[in-house]
Structures are given as structure tokens and as C-alpha cells.
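J.: After the C-alpha cells below, expect a handful of questions from me.
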Amino acid sequence: MDNQLLNKFRSEISYFLSSNKVELLAVILTLIVLPNHSEITIYTDSNNIITEYYNIIDQNNFDISPRKFFKISSNNIFWNILCEIIVIKSLIIIDFVKVKGHSDNYYNNYIDKYISYTNETSEINLQKFLKKITLLQNWKKFFNLNCNGKYRKPDVNVD
């Protein structure tokens with residue numbers, strides 16, 4: 001069965017994707033199509049996915065608390081989805097195997113041939129985003145206090 005694809009499917013994902021997000025979504029889609037109670041070894045050329053998996057998933061035993069959710073540096077929604085799929089489908093991920101990118105690996109070459117990637121990232125850390133929103137809301141409350149009414153009046157003379 002060497003160099004033989006048993007199953008394949010193709011999808012298109014768009015809107016502000018980084019290469020890490022695309023790799024993570026590929027893993028998620030793979031897990032979605034697996035039968036329940038499956039055991040899987042995942043081969044990827046993304047060292048980041050492997051490292052994040054062991055840092056986030058294994059340390060949290062597939063249960064990401066809200067506090068830990070916001071501490072994940074990027075793609076936290078997708079990591080949470082990955083955890084949910086693993087738990088709901090009772091999947092067993094045996095291992096992640098690092099495949100050298102752009103090497104002469106049959107499957108890696110096959111995937112690279114069919115993947116197109118446009119680099120349009122717009123990723124923001126959720127913890128920083130929530131902090132900025134909170135600061136803005138507090139500034140608005142401060143600005144609208146009665147004692148600050150003089151600052152809300154325009155200095156422009158229209159006469």
C-alpha cells in the first residue's frame with residue numbers, strides 16, 4: 001500500500017488565513033471525516049502544528065478552560081474545535097510525525113502539487129483585542145462623565 005491514496009477530498013477555504021491556520025484546518029477536516037473511535041497518526045510538514053498540539057492539547061487533556069482559551073497565542077477557536085472533535089468522536093491520535101517540507105516524500109509532493117495558498121493574514125490575539133475593547137469602553141464612560149462635559153463641546157465657531 002505504499003504510495004497509494006485510499007481516500008481523498010478537496011476543499012477551499014478563504015478569508016484571512018495564515019499557513020498555520022490552513023494546516024490546522026486540514027487536520028480538523030481530516031478528523032471530521034474519520035469514523036468514531038478511530039486511531040490516527042498525522043503526518044505534516046508543519047512543525048508549528050505539532051508543537052502547538054503537544055503544548056495546548058496534551059497539557060489540557062482536551063479540555064481548554066476559558067482562561068487558557070484566551071492565552072493561546074493564535075487560532076484558539078480552531079484549537080478548541082479540534083479538542084471538541086477529538087472528544088465527541090472518541091478519536092485516538094497516536095502521534096504527529098514531522099515530514100520534511102519540499103522533500104522527496106510522495107504524499108507531501110502530492111499535497112504540495114494541489115495546494116494553492118495566498119498570504120492574506122489578519123490575525124489578532126483575542127486577549128489583546130478584548131483589552132483594547134475594554135480600554136475603549138472605559139474611555140467612553142470617562143469622556144461622558146458630567147465633569148468632562150466641557151471637552152465634548154466643539155471649539156469651532158460657526159458664526
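J.: Restricted to segment 74-108, and to residues that are of a type in the set (S, T, N, Q) and touching a helix residue (DSSP H, G or I) at 6+ places or on another chain (Cβ under 8 Å), which residue is modelled with the highest pLDDT?
T.: Kept after step one, since they are of a type in the set (S, T, N, Q), are these residues of segment 74-108: 74-76, 80, 90, 103, 105, 108.
Still in the list and also touching a helix residue (DSSP H, G or I) at 6+ places or on another chain (Cβ under 8 Å): 74-76, 80.
Values: SER74: 78, ASN75: 82, ASN76: 82, ASN80: 85.
Only one residue tops the list, namely ASN80.
J.: In segment 55-82, how many residues are closer than 23 Å to VAL99 by Cα and either of a type in the set (D, E, K, R) or without any contact (Cβ under 8 Å) to a residue 40 or more places away in the chain (or both)?
T.: The number of residues fulfilling the criteria is 4.
J.: Considering (1) at pLDDT below 80; (2) surrounded by 10 or more Cβ atoms within 10 Å (Cβ to Cβ); (3) among the polar types (S, T, N, Q), say which one GLN59 fails and leave the rest.
T.: (2)
J.: If we keep just the residues of segment 38-56 that are aromatic (Phe, Trp, Tyr) and touching a helix residue (DSSP H, G or I) at 6+ places or on another chain (Cβ under 9 Å), which is surrounded by the fewest Cβ atoms within 10 Å (Cβ to Cβ)? Explain how you work it out, then say what you get.
T.: Our first condition is that a residue be aromatic (Phe, Trp, Tyr); within segment 38-56, this holds for 43, 53-54.
Applying the additional criterion that residues be touching a helix residue (DSSP H, G or I) at 6+ places or on another chain (Cβ under 9 Å) yields 43, 53.
Working: TYR43: 13, TYR53: 19.
Ranking the candidates gives TYR43 first.
J.: Give the residue that is modelled with the highest pLDDT, with candidates limited to residues of segment 116-141 that are polar (S, T, N, Q), in a loop (DSSP other than H, G, I, E, B) and within 18 Å of SER73 (Cα to Cα). Write out each step before concluding.
T.: Here is the first cut: in segment 116-141, the ones polar (S, T, N, Q) are 116, 118-119, 121-122, 125, 127, 134, 137-138.
Next, only the ones that are in a loop (DSSP other than H, G, I, E, B) stay: 116, 118-119, 121-122, 125.
Now drop any that are not within 18 Å of SER73 (Cα to Cα), which leaves 121-122, 125.
Working: THR121: 52, SER122: 53, ASN125: 69.
Out of the qualifying residues, it is ASN125.
J.: Then there's this: For segment 28-37, what are the residues that are surrounded by 13 or more Cβ atoms within 10 Å (Cβ to Cβ) and out of contact with any Ser or Thr (no Cβ under 7 Å at 6 or more places or on another chain)? Write out each step before concluding.
T.: Within segment 28-37, the first condition is being surrounded by 13 or more Cβ atoms within 10 Å (Cβ to Cβ), and the residues that meet it are 28-31, 34.
The answer is ILE28, THR30, LEU31, LEU34.
J.: Any idea how many residues of segment 17-54 are among the charged types (D, E, K, R) and more than 15 Å from the chain's Cα centre (by Cα)?
T.: Of the residues in that region, 2 qualify.
The values are calculated or read from the model by the stated rules, or taken from the named source; none is laboratory data. All figures in this text were calculated on a predicted structure; none of them were measured in a lab. So basically every Cβ, Gly included, is an ideal-geometry build from the backbone, and we count neighbours across all protein chains shown.
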